[in-house]
Structure formats: structure tokens, C-alpha cells
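No lab work stands behind these numbers, since they all come straight from the coordinates. Remember, it's a predicted structure, so these values are computed and weren't measured experimentally. So basically every Cβ, Gly included, is an ideal-geometry build from the backbone, and we count neighbours across all protein chains shown.
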Amino acid sequence: MRRAAQEGLDAQGPQPDLYCWLALGHVAEDDDDHDDCAEEAFRAGLALQADHAGLLAGYAEFCLRADAFEHPARAGRAAGLSRRLRELAPHSAEAQRLAEAERWARRGYWEDIRMRAAARTAEHRSTEAQARALAADLAGGKVAAASAVDPADREAAVRAATLGMLSGPWNAPVRLIGRHRTAVWAVSVGLGLLTNVLLRQTGTVESFGIWGWLWLAPVLLVDRRFAAVRREAEVRHVAALEASLAARG
């Protein structure tokens, strides 16, 4: 995204949309140097078009996430940018996205715990859904062909990456646990509790320890494997989008 936006700026000159994509690309890197570059791009874009909803929303969200101790001026700009966006486009998708970011920034301790738990639950469901889609693709005799995937289709990119990285007989246990993750997790928790009780009753250990919970290790490893595939799919998806944009330019 960042490279394609920069190439577009070099070829076509300053444009607000390209500055918006450039800024968001720097934000995605989550690095201090890139944060400075992102702010420069946001400011450059808004200097060209002060009422650009995408730039206002992106810059406001970026400032909301800034550390108020390390970057007080940046964090202080969030309120003004948010107010400006609500004045210009109160019912836009950008305003709704920014409102969600503001609710996230104001979350309390217990709400943070609940949101983290919900995020983990969603990730676990993604593992199971991803594994079931993989099983369907394998049953249908599909062959991994990432080059044939539509660059704009993120779901297809994830399925192609999963098929390419987790097919083959050596990955059969990973696919099996992934498809039945909820059941395997429940059985593993039960075995963990039973193992800990037996270890205490036999005098092997004096208190509950980590030994019984080793039953959970396969599920956690499978989660990490599928998450790694999703991250790789995201990288391929962005690279394909950049190549597509570069070809059009």
C-alpha cells in the first residue's frame, strides 16, 4: 500500500487520496519513525483538501492511539480532528469508524478484559472456520494458486494461503484439531484438571502445577499455526494489491 501510494505521488503529483493511503501504510508499520512519516502524510493531504473525510478520520484515529506522555501535542489534536469530521460528515462511514475508535480509547479496565476475551474468542472461531474451509477445498480437489486469486478478495487470499501452507498428509493433525477446536479444547481442559488431581492424590506434586495443562499445548500450537497463515495471507494480499495498483498506474 505504502509503496504503491508513493509511486502514485511520484507519477501523478500531490493528491489527497494518495496521501491518505501513504499515511495509513506508515501507520500500519507501528514504528516511531513511520509514525512521524504518517503524520507528515496526513498533514500534507489535509493541506490539499481540509475536508477530506478519510484523512480526517485516519489522522484522528492515529492521534487517539498516540501516547499522551511521549507525544502530547499529537494526542491533543484528536479532539479537534474528530469534531471537524462530525461537522462535515456526521453520518459517514469514516465518522462511525472514528466513533468506534473513540469508544475503544475510553474503555475501562473490565471492559478492556471483556474486549480482549471477545477478540480471543473471535480468533478461535476464525481458526475453526479456516480449518473447515480448508477441508472443503481439499475435498473439492482444489489446488493452491495464489496468482489466480483476485487481489481485492481478502477471503480468497486467506483460503489460498491456507491451502498452500497446510495441505499435505503431514499437516493432517493440524487440520483435524483446527476443525474440531472447540471440542478438543474442552477435552483438553478436562484432561488437564484430571491430571492435576491425580498428580496431587498420588503425591507426585504438592499443589496444582503446569503439568496437567500441557494437554492444551496442541490446541495452542494449532492456533498459532493458523494465525501465522492468516498473517502471511495478509502480507500476500497487500503485496497483490500493491502490484495491481502499480500495474494500473
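Under unit Cβ charges (Lys, Arg +1; Asp, Glu -1), what dipole magnitude, rounded to 20 debye, does the range 2-105 have relative to its Cα centre?
In debye, rounded to 20, the range 2-105 gives about 540.
Charges at C-beta only: +1 for Lys and Arg, -1 for Asp and Glu. How large is the resulting dipole of the range 35-93 about its Cα centre, in Debye rounded to 20?
The dipole magnitude comes to about 280 debye.
As an exercise, take the mean of 1/r over every pair of distinct alpha carbons in the range 2-105, invert it, and state the Kirkwood radius in angstroms.
Result for the range 2-105, one decimal place: 13.6 Å.
Obtain the nm distance between the two label points defined at Ala89 and Trp211 by a simple spin-label model: each point lies 7 Å from its Cα along the Cα-to-C-beta direction.
6.1
Leu221 to Ala243: extension gain in nm, 0.36 nm per residue of separation minus the Cα-Cα distance?
4.6 nm
What is the gain in length, in nm to one decimal, between Ala186 and Leu138 on full extension, counting 0.36 nm per residue of separation less the C-alpha to C-alpha distance?
Extending this stretch completely gives an extra 14.6 nm.
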